[in-house]
Amino acid sequence: MARNGQPGGNARRLVRGVTLVELLVCVGIVMILMGLLMPATQSAREMARGMQCTNRLHNLGLAALQHETAHGFFPSDGWGFRWVGDPDRGYGPSQPGGWAYNILAYVGEENLREMGRGRADVAKRAAFSRRFAAAPEVFYCPSRRSAGTYPFTENRFGLVNAEVPKSAAKTDYAINAGNVELSGGLGPDAPDDPRYRWPSLEHMNGISFVRSQIRAADVRDGLSRTILIGEKHVPIGSYQTGTSLGDDQSFLVGDDADIRRFTVIPPVPDLVEAQLPGARIVHAFGSAHPNATYFVFCDGSVQKIHFEVYEEVFQKMGGRYDRPNRGQRQRWH
């Protein structure tokens, strides 16, 4: 023992702290691990959202097929964007509402479709206006936005059979109108107006468009080769604002870029916001997913088509009677 009962120098324990260099090394290791984990977590979340999107498209496709079975044709796309669906006007050419309205009964939203049935004009308009607040999840892609109402900004032309709302439910999915980019027009000023000249449907080769009645038997390319419904392009900066001309109204309106698209150009990523030469991007399919867009075909199968799909191949997927040539390049997965 040393003096005063203290242990000798050789027995003394040394207390050692953590140096700054060691602390920085530990922090660096943690940051590296977080950097490795975050992309994996984001990828897993996007995969889950992609599965949800696939399921919703499958349900929309199944609803359209049930409509075809029940009525003998795929859902019509109505009269034009100045009209919303009317439960008193049945299905087909007499129905002013578009495909999304026409399949409501087949996606568990029959009460929404029936709002206003049998009422007088003023009460019916009021009921139609209340419908804008309903936002069925099946019409929304979870990678883009949640189900809800967003600004209704089309106020130049108004609505014929409802009051223009400040906000309304949207759809992230659009019906296939074909590979010929044609306008369906504004629609008549009144029901059964004999003075209104409907646009020619001669060159419309898609599945649903103005007053269409396309049967499964009319899809001569084969149901598994022809697009039925797909994700529509919406510029990423317009998700919440309603400023895109293809997303400025409601999913309940008749034929318009809000609810129908063409296969004139390949699917466009939402990150692309500018106009493209030769085709209006407002009429394009596209998505918020990385690398690809999801589609449900006329046989009910859901398939993923990459943004790099060959243009001529994608165009022919939109037409119901122009199958790609046997020797044509088939890259699309």
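Each reported figure results from applying straightforward, stated rules to the coordinates on display, with no laboratory input. These numbers come from a predicted model, not from an experiment. Glycine also receives a Cβ, built like all others from the backbone with ideal geometry; neighbour counts cover every protein chain displayed.
Points worth noting:
- Once the Cα atoms are used to define both axes, helix 121-131 deviates from the longest principal axis of the chain by about 20 degrees.
- Here the extension length gained between residue 121 and residue 276 equals 51.5 nm, from 0.36 nm per residue of separation less the Cα-Cα distance.
- Neighbour net charge for residue 301 - beta-carbon separation under 15 angstrom, K R +1, D E -1: +1
- The ranking of 245, 65 by Cβ neighbour count inside 10 Å, starting from the fewest, reads 245, 65.
- With the simple model of a label 7 Å out from the Cα in the direction of the Cβ, residue 45 to residue 322 spans 4.1 nm.
- From the coordinates of this entry, semi-axes √(5λ) of the Cα gyration tensor in Å is computed, and it appears in [x] 26, 24, 21; [y] 29, 26, 19; [z] 53, 25, 17 under the label [z].
- The angle between the Cα long axis of helix 20-71 and the longest principal axis of the Cα atoms of the chain comes to about 20 degrees, rounded to the nearest 10.
- Sorting 244, 287, 250 by the number of Cβ atoms found within 10 Å of their own Cβ, with the fewest placed first, yields 244, 287, 250.
- Length released on extending from residue 218 to residue 196, taking residue separation times 0.36 nm less the Cα-Cα span: 5.2 nm
- Residues 203, 67 arranged by fewest to most Cβ contacts within 10 Å: 203, 67
- GluC sites (Glu not before Pro) restricted to DSSP loop in the stretch 146-197 with at most 13 other C-beta within 10 Å: 163
- The charge dipole of the chain, taken about the Cα centre with unit charges on the Cβ atoms of Lys, Arg (+1) and Asp, Glu (-1), comes to about 1300 debye, rounded to the nearest 20.
- Note on the chain: with a GNM built from Cα contacts shorter than 10 Å, the maximum mean-square fluctuation among 107, 309, 25 falls on 25.
- In the stretch 258-302, the trypsin sites (Lys or Arg not before Pro) that fall in loop regions by DSSP, at most 15 other Cβ within 10 Å: 280
- Neighbourhood net charge (12 Å Cβ-Cβ; Lys/Arg +1, Asp/Glu -1) for residue 113: -2
- Lysine pairs with alpha-carbon atoms under 30 Å apart, the stretch 55-318, spacing 8 or more or separate chains: 9
- Of the GluC sites (Glu not before Pro) in the stretch 283-314, those whose Cβ has at most 14 other Cβ within 10 Å and which sit in DSSP loop: 308
- Separation of the stretch 280-315 and the stretch 129-189, taken as the distance between their Cα centroids, equals 20 angstrom.
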